[in-house]
1. So what's the projected area for the range 7-130, the Cα convex hull averaged over all directions, in nm²?
2. Run the numbers on the chain and let me know its relative contact order in percent, using alpha-carbon pairs under 8 Å that are six or more apart.
3. Just rank 64, 55, fewest to most, by other beta-carbon atoms within 10 angstrom.
4. List 115, 205, 77 from most exposed to least, where exposure is judged by having the fewest other Cβ atoms within 10 Å.
5. Mind checking the dipole of the chain: about its Cα centre, +1 per Lys or Arg Cβ, -1 per Asp or Glu Cβ, Debye to the nearest 20?
6. Which ³J(HN,Hα) values, rounded to whole Hz and listed in residue order, are derived for the range 138-146 from phi using the Karplus coefficients 6.51, -1.76 and 1.60 in 6.51 cos²θ - 1.76 cosθ + 1.60 with θ = phi - 60°, glycine and proline given as x?
7. In which sequence would 169, 123 go, from the one with the fewest C-beta neighbours within 10 Å to the one with the most?
8. Within 10 Å, count the other beta carbons around each residue, average over each peptide in 102-113, 130-141, and list them highest first.
Amino acid sequence: MSIQQNLNTIKSQLPAHVTLVAVSKTKPVADLMEAYNAGQRIFGENKIQEMTDKWEIMPKDIEWHMIGHVQTNKVKYMAPYVSLIHGVDSLKLLQEINKQAAKNNRVIDCLLQVYIAEEESKFGLDEQELEELLKQVQHDKENFKNIRIVGLMGMATFTENKHQIEKEFKHLKTIFDKIAASKDGISKDTINRVSILSMGMSGDYQLAISCGSTMVRIGSSIFGSR
C-alpha cells in the first residue's frame with residue numbers, strides 16, 4: 001500500500017470531529033510530500049531540529065505539531081512556526097514557550113500532557129499538578145499572553161492489554177471533562193479554549209476515539225514501520 005492509500009483508508013475511518021496528525025519523525029521529505037500531495041496538512045515530529053529542517057524546505061501551509069518531549073533550551077528554534085506543542089508538562093516549559101512566542105510576535109497553542117500510564121518512562125502532570133498549573137496561568141494572565149492552552153494530551157501504557165489502555169484513555173477523558181466544566185479558579189475564557197483531547201496512536205487510535213479523543217497521532221500506519 002502506498003502512503004496515499006494508507007492515508008485515504010485511515011481518513012475514511014475517522015469521524016469528522018477527529019483531527020489526524022501524521023507522525024513523520026525520521027521519515028524523509030519525499031515521504032512527507034507524498035502525504036502532502038494526498039491532502040495531508042498536519043505533521044507531527046518529536047525532534048525540534050528535524051522538524052525545523054523540514055519546515056524550512058516544505059510548503060508553508062503545513063501545520064507542524066511538536067509531539068515529543070520538549071527541552072526548554074530548544075523552544076526558540078520552533079517558536080517562529082510551530083502550530084501546536086503537545087507535550088507541555090511543566091510551568092517552566094510553559095513560561096519559556098510564552099517568552100519565545102512573544103519574541104516572534106505569536107500566540108502558540110499548547111496541550112498539557114497528563115500522566116496516565118503505568119510506566120516510569122512517560123512524562124506528564126498528575127491531576128493535582130495539572131489543576132495547579134491551570135490556576136497559575138489563570139491568575140497570572142499578564143505573563144501568559146502568548147500561549148493558549150487548548151487541550152490535553154496523554155499516552156497510554158505500551159501494552160497489549162486493551163482493557164488497561166481503555167481504562168487509561170477513559171481516565172484522561174474524565175479529567176478533560178472536569179476541566180471543561182470547571183468553575184473554580186479557571187475562567188470561562190480558558191475553558192472555551194480547552195477543546196482538544198490528543199490521545200491514540202497507530203495501534204490504539206480507534207479505541208482512543210471511542211473513549212473521546214479528538215486528535216490522533218498516527219505514524220507507522222501511514223508511512224510504514226521505522
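Every number here is computed from the coordinates shown, using simple stated rules; none is lab data. All of these numbers come straight from a predicted model, not from anything done at the bench. When we count neighbours, we look across all protein chains shown, and the Cβ atoms used for this are built from the backbone with ideal geometry, even at glycine.
1. 8.9 nm²
2. 19 percent
3. The most exposed by this proxy come first: 55, 64.
4. 77, 115, 205
5. Dipole magnitude for the chain comes out near 600 debye.
6. 5, 7, 10, 3, 4, 8, 10, 6, 9
7. 123, 169
8. Answer by packing, highest mean first, reads 102-113, 130-141.
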